[in-house]
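Take a look at the structure below.
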Amino acid sequence: MSTVHTHAPSLPAVLQIEQLQVHYGSVQALAGISLTVQRGELVTLLGSNGAGKSTTLRAISRLVNATAGRILWHGADLAAVPAHRTLKRGIGHCPEGRRLLNRQSVAFNLELGAYLRRDREGIAADLERCYGLFPRLAERRQQQAGALSGGEQQMLAIARALMGQPELLMLDEPSLGLAPKLVTDVMTILAELHRSGLTILLVEQNAQAALEIADRGYVLEAGRLHLNGQASDLLRNPQLKAAYLGG
Ligand code: ATP
């Protein structure tokens, strides 16, 4: 792996992955990757199809088990935490494909995101905050999620994840299948959330769009870390330009 930037992050990491390996039967999806995310950072995980990006998020959410290595959350090993308790620990996961309840309303889907919470007033306030952030969802709050456009469904999936009040928001390819204008809209929202202090781990195939809003990036290739560095340096990196940034 080549490192573009040599500065070691100085703050303690909220998320620290050490030599993580994951296998699906005999297929090795991750061959020992290490990465860190600091509080308040927007870190992007890039790479082509099958590189292991989704697997990394699934391992952090405990949806797949590591076969070697460790995932530390605030310094504590996540291995003992079952998948259904990761959100309670502050880890929110907005999965690829959105996984909405298509026949339920926008409002119902959003309330579902808050299923662990009991603070009714806080939930109501966060609902309004989401509607402020995503005005299209406010207009369509009583409509079925399945009737929304692709871009609106992506916004709903992000808003639903926010309703769980995550400390870390992980997103799996939020730009997938969206027209360029909508990709810009999604990235603008993520940049706003980042500015408001949320810690974000963003998986993307759209390296350009992700690096424009990220602080740092990691590039995976066939289950291994290929490059990592400051987003501004990666945007100028010749290897990355050739492979992922269209020359
Ligand atoms: P994509 O953008 O296509 O989702 P990715 O970088 O997220 O790509 P992963 O989905 O993490 O990649 O897949 C990593 C590797 O693991 C690939 O070789 C993939 O075929 C394999 N893989 C993923 N899920 C499974 C599974 N459930 N069973 C077997 N192999 C799997």
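Rolling a 1.4 Å probe over the protein heavy atoms of the chain, with every protein chain left in place, gives an accessible area that is 50 percent carbon and sulfur.
Normalised by 2.2 N^0.38 Å, where N is the number of residues, the C-alpha radius of gyration of segment 98-205 stands at 1.00.
Run the numbers for L112 and E192: contour at 0.36 nm per residue of separation, minus the present Cα-Cα distance, in nm.
Fully extending the segment from L112 to E192 adds 26.5 nm.
Taking E128, E152, E173 in turn, the Gaussian network model of the chain (Cα-Cα springs below 10 Å) assigns the largest fluctuation to E128. Our analysis of segment 1-143 gives Rg over Rh at 1.02, with the two radii drawn from alpha carbon positions and Rh computed by the Kirkwood formula.
Calculated FRET efficiency, R103 to S149, Cβ-Cβ distance, R0 = 25 Å: about 0.90 to the nearest 0.05.
Over segment 113-216, what is the relative contact order in percent, taking alpha-carbon pairs closer than 8 angstrom and at least six residues apart? Answer for segment 113-216 is 27 percent.
3J(HN,Hα) along segment 192-199, derived from phi through the Karplus expression 6.51 cos²θ - 1.76 cosθ + 1.60 where θ = phi - 60°, amounts to 5, 4, 4, 4, 7, x, 5, 8 Hz, with x in place of Gly and Pro. Count Lys and Arg as plus one, Asp and Glu as minus one, and take only other residues whose Cβ is under 13 Å from that of I213; the net charge is then -4.
Taking θ as phi - 60° and the Karplus parameters 6.51, -1.76 and 1.60, the scalar couplings of segment 126-136 work out to 5, 4, 5, 4, 4, 5, x, 6, 10, x, 4 Hz in sequence order, x denoting glycine and proline.
With a bin width of 10 angstrom, please list the P(r) values of the chain as percents of all Cα-Cα pairs, from the 0 bin to the one holding the largest distance. The percentages, shortest bin first, are 7, 32, 37, 20, 4, 0.
Summed over qualifying helices (DSSP H, 4 residues or more, each -39500 (n - 2.57)) and divided by its residue number, the chain shows a 222 nm mean residue ellipticity of -10000 deg cm²/dmol.
Rounded to the nearest whole Hz, the Karplus-based 3J(HN,Hα) values (6.51 cos²θ - 1.76 cosθ + 1.60, θ = phi - 60°) of segment 156-164 follow the sequence 5, 5, 5, 4, 4, 5, 5, 4, x, with x at glycine and proline. Each Lys and Arg contributes +1 and each Asp and Glu -1, all at the Cβ; summed about the Cα centre of the chain, the dipole is approximately 460 debye.
With N counted as the residues of segment 143-247, its alpha-carbon radius of gyration over 2.2 N^0.38 Å works out to 1.13.
Each Lys or Arg adds one and each Asp or Glu subtracts one; over the other residues with Cβ under 13 Å from the Cβ of E167, this totals +2. Separation of segment 86-120 and segment 186-212, taken as the distance between their Cα centroids, equals 20 angstrom.
The values are calculated or read from the model by the stated rules, or taken from the named source; none is laboratory data. Owing to the predicted nature of the structure, the values given are computational and were not obtained by experimental measurement. So basically every Cβ, Gly included, is an ideal-geometry build from the backbone, and we count neighbours across all protein chains shown. We work out accessible area using only protein heavy atoms, side chains counted, and drop any ligands, DNA or RNA first. Shrake-Rupley method; radii C 1.70, N 1.55, O 1.52, S 1.80 Å.
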